[in-house]
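A.B. asks: Structure incoming, see below.
The values are calculated or read from the model by the stated rules, or taken from the named source; none is laboratory data. Every value quoted in this text rests on a predicted model; they were computed, and no experiment measured them. Positions of Cβ are backbone-derived with ideal geometry, glycine not excepted, and every protein chain shown enters the neighbour counts. In case anyone asks, the SASA skips ligands and DNA or RNA and just uses the protein heavy atoms, side chains included. Shrake-Rupley method; radii C 1.70, N 1.55, O 1.52, S 1.80 Å.
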Amino acid sequence: MLVRYYHDDLRKVMVEHLGSLEILRVDAASLEKVLCDFFVKNNIPWQNLVSLLMDSCAVMRGSKTGLETRIHQHCPNLLDVDGDSCHHIHNAAKKFSEGFDGYLERVFSDLQVDHQWSPDQVMYLKEVAMILNLPVSSPQRGFVNHRWLSAYDASMATHAMMPAYQVLYYGFLSTADKELYKEPLESIFTKHNVNQTARARVEVVQDKLAKKGMTPQGRERKKRICQKLWHEETTTVLQLSLYKGVLAILKDYVMIFFQGSQTLVHKLHDRQLELFLACLACFVKAEHITKLSPRALRELVLEDHMLLPLKDVYVGQEADTFRSQNPKHALLVPFLASVRKAYITTAVYLQKKLPLNSPTLIALSALDPLLRGHSQATLQLKRLSAMLNHLLPEDQDLSRELVQFSVDLTLPRYKEGDGMVDWWGHVFHQPGKYPALSALAKCCLSIFHGPRVESSFSLMNEIIDQRSGNMNVETFNAIQTAKYVLQSRGQTAVQMFERSDVKFGESLGESFSLQDVVNDGPSPEEEVVHPERPDPGEAEEAYHSDVEAHGIALDDDLPHITLTTHPGGRLQSKRSSWLSKA
């Protein structure tokens with residue numbers, strides 16, 4: 001579990017590790033019990049919880065018995081920000097690929113497996129790519145079906161490496177097929193300015209690979225790859241072009257909310273609306289969608305007269321060129337029919353899953369400083385205050401603060417791209433001016449808007465490995481907490497826990513701080529010399545030597561470390577304060 005909150009002293013939104021729990025049975029009732037026990041044990045009031053962000057599986061967000069529905073019993077004022085939209089987008093990409101029966105996904109998987117256990121083949125592939133002057137990309141890391149929009153990354157890499165794959169796998173073709181595709185191979189060499197010496201080297205590589213021993217499965221796999229690269233080259237190129245163009249629209253959204261570090265909860269509604277409209281515009285006439293309200297888009301039913309003709313449907317740059325040059329090609333009609341089917345399936349899925357008309361997300365848009373001074377922004381902030389009224393000070397007049405806030409000339413100007421949290425920090429640190437509005441904004445800035453918990457899996461992989469597989473949950477929980485605290489503050493452990501009252505060698509008049517440890521030692525350019533290290537021939541003697549032999553006495557005159565009490569609070573008290581802000 002991760003927690004997100006605004007830190008007044010650091011003036012930034014913090015993401016920290018709240019806790020890791022061991023669960024033997026994964027269902028909504030068991031998760032509810034574990035969470036309730038955790039909140040009681042750590043004395044966290046349920047009313048401090050602003051929102052939850054989880055994936056949209058039935059266990060987590062089922063409308064009747066899901067975990068979020070159960071949590072509403074303990075926290076009835078919980079904001080509904082919907083599920084993790086990045087999961088929705090990833091699933092939309094998988095829906096899109098279903099229209100082509102996973103044609104490219106099988107190509108990606110076959111290429112990956114074919115090179116995974118063949119380091120010599122990977123070496124030859126890179127050599128061929130360099131001969132063709134192509135950017136080298138190994139298929140070993142190109143495609144993992146469950147990873148975020150992995151099909152897009154694999155499409156980009158495969159398209160860039162397509163000539164190299166064709167040249168490499170030409171050696172696995174039959175004699176008849178080699179004769180059939182000899183001219184296209186020559187065209188590849190000519191296009192990439194490959195000289196005769198390099199062509200001779202390519203032939204050597206192809207011969208070596210053709211003579212390799214292969215298992216029946218490997219032989220069948222190479223046969224499938226050759227089929228897609230040579231016999232069905234046009235289909236493969238058309239679909240790669242489509243994936244590159246369409247999945248890029250989905251990828252842009254994920255990159256903003258998954259890998260971005262800025263607080264963008266005020267952009268969720270607009271970005272989701274823009275994404276849905278961009279997907280519709282690929283195959284629907286613009287005049288039928290551009291003037292629709294979010295509610296109307298949510299209820300839109302696609303009809304035939306609203307769809308673009310197949311000759312105008314977006315298919316990517318290469319496929320569009322092929323369509324214009326070969327309007328009557330036999331492969332074009334079934335391809336375009338599959339494209340329209342994939343578009344409709346994906347649009348219906350996004351329409352169902354994205355909260356296009358969510359009152360909560362629309363109200364959160366009013367946090368955007370660019371909207372300050374508009375009457376609708378003030379109205380939406382009032383609606384937000386009604387949703388979070390239990391967390392606002394009762395003795396303050398929020399309406400008066402909003403009126404003053406909308407026309408406050410002392411606040412700094414805000415430009416698109418500036419840090420929103422930094423701007424709101426100026427509002428928070430005006431003593432007594434906006435107490436209720438500040439409390440409201442801090443609650444809203446703490447809302448998760450991307451799957452940050454996914455990144456915790458990467459941290460977990462650094463902790464749990466083959467040597468620490470038996471680590472108990474308490475130890476893992478402590479390590480994760482420490483890692484997130486350091487990460488959220490951008491500090492090392494030495495920097496965070498440095499104490500000026502830790503002295504070394506006080507009796508000798510010498511002292512240093514922990515920071516001196518970081519700065520001490522030779523630079524990377526200096527040679528490290530150990531003058532007291534014994535020669536190899538003296539190792540045995542050095543091993544058996546004792547303290548008396550060297551005339552060293554262990555007495556109180558040696559430098560020592562003196563620890564004194566630090567005036568600050570203990571770590572335990574800090575930990576309690578973190579939990580109280582959860």
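A.B. asks: Give the range 394-407 a look and list any residue that's surrounded by fewer than 18 Cβ atoms within 10 Å (Cβ to Cβ), in contact with a helix residue (DSSP H, G or I) (Cβ under 6 Å, 6 or more places away or on another chain) and under 19 Å from GLY425 (Cα atoms), or say none.
C.D. replies: SER406
A.B. asks: Can you pull out every residue in the range 80-138 that is open to solvent by less than 10 Å² (accessible area, probe 1.4 Å), acidic (Asp, Glu) and modelled with pLDDT under 90?
C.D. replies: Listed by number, the list holds a single entry, ASP84.
A.B. asks: Also, I was wondering about something else. Does the range 21-50 hold any residues that are open to solvent by 20 Å² or more (accessible area, probe 1.4 Å) and within 24 Å of THR263 (Cα to Cα), and which are they?
C.D. replies: Within the range 21-50, TRP46, GLN47, ASN48, LEU49 qualify.
A.B. asks: Find all pairs meeting these conditions: Cβ atoms under 6 angstrom apart; at least six residues apart or on different chains; first residue within the range 178-201 and over 16 Å from ASN133 (Cα atoms); second residue hydrophobic (A, V, I, L, M, F, W, C).
C.D. replies: TYR181/TRP230
A.B. asks: Given (1) of a type in the set (Gly, Ala, Ser); (2) modelled with pLDDT under 90; (3) touching an Asp or Glu at 6+ places or on another chain (Cβ under 7 Å), where does SER507 come up short, assuming only one miss?
C.D. replies: (3)
A.B. asks: Follow-up question, since we're still on this one. Looking only at the range 447-459, filter to residues that are open to solvent by 20 Å² or more (accessible area, probe 1.4 Å) and at pLDDT 65 or above; which one of those is farthest from TRP423 (Cα to Cα)?
C.D. replies: Here the answer is ARG452.
A.B. asks: Can I ask one more? Please list, ordered by first then second residue, the pairs with beta carbon atoms under 6 Å, 6 or more apart or interchain, first in the range 343-354 and in a helix (DSSP H, G or I), second open to solvent by 30 Å² or more (accessible area, probe 1.4 Å).
C.D. replies: The qualifying pairs are THR345/LYS95; THR346/LYS95; TYR349/LYS95.
A.B. asks: While we're looking at this one, here's another question. Taking the stated definitions as given, is GLY245 in contact with a helix residue (DSSP H, G or I) (Cβ under 9 Å, 6 or more places away or on another chain), of a type outside the set (A, V, I, L, M, F, W, C), assigned to a helix (DSSP H, G or I) and within 30 Å of PRO327 (Cβ to Cβ)?
C.D. replies: Yes, satisfied.
A.B. asks: Just checking, how many residues over the range 51-75 are over 24 Å from ALA92 (Cβ atoms), open to solvent by 50 Å² or more (accessible area, probe 1.4 Å) and in contact with a helix residue (DSSP H, G or I) (Cβ under 7 Å, 6 or more places away or on another chain)?
C.D. replies: So the count comes out to 3.
A.B. asks: Another one. Kindly provide the set of residues from the range 202-232 that are surrounded by 13 or more Cβ atoms within 10 Å (Cβ to Cβ) and either in contact with a Ser or Thr (Cβ under 6 Å, 6 or more places away or on another chain) or β-branched (Val, Ile, Thr) (or both), ordered by number.
C.D. replies: VAL202, VAL205, ILE225, LYS228
A.B. asks: If I filter the range 257-286 down to residues being open to solvent by 60 Å² or more (accessible area, probe 1.4 Å) and closer than 23 Å to ARG11 by Cβ, which single residue comes out as modelled with the lowest pLDDT?
C.D. replies: SER261
A.B. asks: Report, by residue number, each residue of the range 20-45 that is outside any helix (DSSP H, G or I) and free of Cβ contacts under 8 Å to residues at least 24 places away in the same chain.
C.D. replies: ILE23, LEU24, ARG25, PRO45
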